[in-house]
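Colleague: For reference, the structure I am asking about is given below.
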Amino acid sequence: MEFTAEHNAFREMVRSFVDKELTPHVDEWEKAEIFPAHEVFKKAGDLGILGIEYDPAYGGMGQDHLYTMIAVEEIGRMPCGGVPMAFGVQMMMATPSLHKHGSPELKEKYLRPAIAGDMVTSIAVTEPDAGSDVAAIRTRAVKDGDDWVINGSKVFITSGTQSDWLCLLARTSDEGGYRGMSQIIVERNAPGLEVAKKLEKYGMHSSDTALLTFDDVRVPISNTIGVEGRGFQQQMEQFVVERMFASYGKAESMQRALDKTAEYLKQRIVKGRPLIASDYVAYKLADLSAQVDVFRAHANAMAEKFNRGEDTTREATISKLIGARLARDVGDWCLQFHGGMGYMEDFWVARYVRDTRLGSIGGGSDETMLQVLARIDGFTP
Ligand SMILES: Cc1cc2nc3c(=O)[nH]c(=O)nc-3n(C[C@H](O)[C@H](O)[C@H](O)COP(=O)(O)OP(=O)(O)OC[C@H]3O[C@@H](n4cnc5c(N)ncnc54)[C@H](O)[C@@H]3O)c2cc1C
């Protein structure tokens, strides 16, 4: 992949930010089961990391997509998945629709502070009874004068205990199915919107996750993003960007996991010789490393295609699916080759295995990716 000197300088800048400001705090944030998103995002916002491709009129950098890929790769080098996931929400899950479809007033009020790191954002789609089947959501927004009045609940919301606004997908008409949904910006301190529970998770500990309830929450109708009734379609576009995020950090983190495992195996002596001297072990690492290379090539080609302004729905679906499965495989083998050490909580591998497990579920499960792919490729009617 061809990068310019400017791309490389940007990579160095993000790497230094991650190494100095984020990585040293990871253990503390993992234990606390939350990281200080306002403090961290303010620093990232000051460096331009949160609005890389966004319009300079709202504080964005107006750069090409390769800068985004670089930033996600570098953030993905952190020794945890939770904080990178929250960055992903801020950069590529909660804000793309607002940037593409939002009114100038909405962008001024909500996008500018999100880019600056003054406001933390969440994306609120999943409900207790509707995850994979987005068309089954029931959270309802009804017009009353100039307001929407919102009732319902959203679950598994990343950064949900500390975000300032949500990009909410709600049902705004009786049409049912994929029709009659809208994306609405809801401020988290709006009366009637409660964090019903901070959820405890198997992994991604440094990221807070919430169950949110909406009880007659009033929001101006002017907070609707884009076209009323087109929320599902706009969210599907937003999911493509989310799935590209899920891919970019993965190759880097998988290669690091393999490299760190190889280092360990060079020193671990079993039956009088380093474990890495076993062909079985070395071939397995080489096999996984080769697959990571192929995955990276696919992710790079996807980034270049998106950069040319072409549709990457198929590529994003494939890389979300394959990357998640490969990361699980890499994590499992790395843990296996570390033996009992790999199973210890204070060692990096256990966290890596837990955090990467989400890849096959969050942002659409593997089966949802297969469903989308089967449709795109014409295998299903
Ligand atoms: C840590 C975490 C953070 C998250 N963050 C957010 C967030 O910020 N915002 C948000 O809106 N959501 C968020 N989610 C929700 C996530 O996107 C959903 O969990 C995911 O879409 C799957 O939905 P579900 O959990 O309801 O699973 P279900 O829909 O109940 O599906 C369960 C399982 O069934 C299988 N399955 C599903 N559909 C099919 C099918 N058609 N055919 C065959 N098998 C199928 C899959 O294996 C799937 O994992 C988060 C989830 C987690 C765990």
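Any read-out appearing in this document is the output of simple, stated calculations on the displayed coordinates, not a laboratory observation. Bear in mind that the values here come from a model prediction, so they are computed numbers and not experimental data. Every residue, glycine among them, receives a Cβ derived from its backbone with ideal geometry; neighbour counts consider all protein chains shown.
Colleague: Roughly what % antiparallel, to the nearest 5, for the DSSP beta bridges in the chain?
Modeller: DSSP beta bridges in the chain are roughly 85 percent antiparallel.
Colleague: Roughly how big is the range 5-119's charge dipole about its Cα centre, with Cβ charges of +1 (Lys, Arg) and -1 (Asp, Glu), in debye to the nearest 20? Spell out each step's value before the answer.
Modeller: Values: 11 positive and 18 negative charges, 39 e Å.
Its charge dipole is roughly 180 debye.
Colleague: Report the far tail of the P(r) of the chain, meaning the percent of Cα-Cα pairs longer than 26 Å.
Modeller: On the way: 37518 of 72390 pairs.
I get 52 percent for the Cα pairs in the chain exceeding 26 Å.
Colleague: Still on this structure: Which of the listed residues, THR172, CYS80, MET244, is farthest toward the dipole's positive end in the chain, when Lys, Arg count +1 and Asp, Glu count -1 at the beta-carbon?
Modeller: The one lying farthest along the dipole's positive direction is CYS80.
Colleague: Oh, and also: Treating only the Cβ of Lys, Arg, Asp and Glu as charged (+1, +1, -1, -1), what charge dipole size does the range 92-246 show about its Cα centre? Round to the nearest 20 debye. Write out the running numbers ahead of the final one.
Modeller: Numbers: 17 positive and 21 negative charges, 64 e Å.
The dipole of the range 92-246 has a size of about 300 debye.
Colleague: Set the bar at 26 Å for Cα to Cα. Now go through LYS143/LYS201; LYS42/LYS143; LYS43/LYS154; LYS198/LYS260; LYS20/LYS198; LYS20/LYS250 and name every pair that lies beyond it.
Modeller: As for pairs spanning more than 26 Å Cα to Cα, those are LYS143/LYS201; LYS42/LYS143; LYS43/LYS154; LYS198/LYS260; LYS20/LYS198.
Colleague: Would you work out the charge dipole size for the chain about its Cα centre, treating the Cβ of every Lys and Arg as +1 and the Cβ of every Asp and Glu as -1, and quote it to the nearest 20 debye?
Modeller: On the way: 43 positive and 55 negative charges, 173 e Å.
Once rounded to the nearest 20, the dipole reads 820 debye.
Colleague: I've got another one for you. I'm checking a number: the convex hull volume of the Cα atoms of the range 233-376, normalised per residue, in Å³. What is it?
Modeller: Working: hull volume 15.5 nm³, N = 144.
Hull volume normalised by residue count: 107 Å³.
Colleague: I've got another one for you. If we restrict to alpha carbons, what Rg and Dmax does the range 122-228 come to, in Å?
Modeller: According to the Cα coordinates of the range 122-228, Rg and Dmax are 13.3, 44 Å.
Colleague: To check you understand DSSP bridge types, tell me what percent of the beta bridges within the range 122-228 (both residues inside) are antiparallel, rounded to 5.
Modeller: 90 percent
Colleague: Moving on. If Rh is defined by the Kirkwood formula over all Cα pairs and Rg also comes from Cα, what ratio Rg/Rh do you get for the range 1-69?
Modeller: 1.04
Colleague: To the nearest 500 deg cm²/dmol, what mean residue ellipticity at 222 nm is calculated for the chain from DSSP H runs of n ≥ 4 alone, each contributing -39,500 (n - 2.57), summed and divided by the residues?
Modeller: -14500 deg cm²/dmol
Colleague: Within 10 Å of each candidate Cβ there may be at most 16 other Cβ atoms; applying that plus a DSSP loop requirement, which GluC sites (Glu not before Pro) in the range 1-67 survive?
Modeller: Those satisfying the criteria are GLU2.
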